[in-house]
1. Just the residues that are touching a helix residue (DSSP H, G or I) at 6+ places or on another chain (Cβ under 7 Å) and over 16 Å from Ser78 (Cβ atoms), please, taken from the range 25-34.
2. With Leu98, Leu44 as the choices, which residue is buried (at least 16 other Cβ atoms within 10 Å of the Cβ), at pLDDT 95 or above and closer than 29 Å to Pro116 by Cβ?
3. Could you grab me the full set of residues in the range 195-212 that are under 16 Å from Ser157 (Cβ atoms) and of a type in the set (Phe, Trp, Tyr)?
4. Name every residue in the range 48-80 that is in a loop (DSSP other than H, G, I, E, B), at pLDDT below 95, among the hydrophobic types (A, V, I, L, M, F, W, C) and in contact with a helix residue (DSSP H, G or I) (Cβ under 9 Å, 6 or more places away or on another chain), in order of residue number.
5. Of the residues that sit in the range 161-193 and are under 23 Å from Gly101 (Cβ atoms) and of a type in the set (Val, Ile, Thr), which one is surrounded by the most Cβ atoms within 10 Å (Cβ to Cβ)?
6. Restricting attention to the range 194-240, and to residues there that are in contact with a Phe, Trp or Tyr (Cβ under 7 Å, 6 or more places away or on another chain) and in a loop (DSSP other than H, G, I, E, B), which single residue is surrounded by the fewest Cβ atoms within 10 Å (Cβ to Cβ)?
Amino acid sequence: MPISNAMVLAAGLGTRMRPITDTLPKPLVPVAGRPMIDYVLDLLAGAGVTTVVVNVHHHADRMEAHLAARTAPRILISDERAGLMNSGGGLARGLRLLPPGPVLVMNADLFWVDEPAGKPGNLARLADAFDPAAMDMLLLCVPPERTTGHNGKIDFSLAADGRLTRHAGGAGGAPVVYAGAIAMTRDLLNDAPADAFNLNLYFDRAIAAGRLHGRMLEGEWITVGTPEAIEAAEAVIARHAGGTD
């Protein structure tokens, strides 16, 4: 199903990116000459998303000024200046700004390049594969060998039927990294705690019900968590843009 609404989680402090984030919100850190969040918003717009909620906290004024300069997608601000809500609390608050129905969710500090030409992109495929009758959430996942800037941690095991479980050593299923993109319904978090909480609460709840599913990413996945990771990210971008490492 096409999904036209989304949220980008962008309110974190970016402590591992210091000293860059002493004066700049992490999503505005430039990678190959562009703020990270612009890669994310462009991917969402390319998938047909027209309205995106972005939560702000750290250097919120700078984030709002940058987002106001974009013409697409339309941006709504979820203001967390008064206090960070963590990944789950921030998502639950921001989703209240959107109408009921399916939504895409992305983190602001990771994206991908080299999607196969001539076919739907990762987010469009994620939206099309999402089945709320069988799934609480559908997560975009990536094999660890196609990641750049990742710390090596394996997040889940992806079974042949598409279900995800927490990765545990020799357990069955393909070892995958969570690629930071979700298809879900806005109403899934209607019963969320009012205060800050981690989104892992809902991941684990969905796993217990057999309703957390995954879809493999096509292309090369990039996350930029430290200043040292910027160079590696830029090398991958240059390579797939026809440049050199």
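1. Answer for the range 25-34, where residues must be touching a helix residue (DSSP H, G or I) at 6+ places or on another chain (Cβ under 7 Å) and over 16 Å from Ser78 (Cβ atoms): Lys26, Leu28, Val29, Val31, Ala32.
2. Result of the check over Leu98, Leu44: Leu44.
3. Matches in the range 195-212: Phe203 only.
4. Ala72
5. Checked the range 161-193; the qualifying residue surrounded by the most Cβ atoms within 10 Å (Cβ to Cβ) is Ile182.
6. It comes out as Gly219.
The values are calculated or read from the model by the stated rules, or taken from the named source; none is laboratory data. Please read these numbers as outputs of a predicted model, since none were measured by experiment. Please note: Cβ atoms are built from the backbone with ideal geometry, for glycine as well, and neighbour counts cover all protein chains shown.
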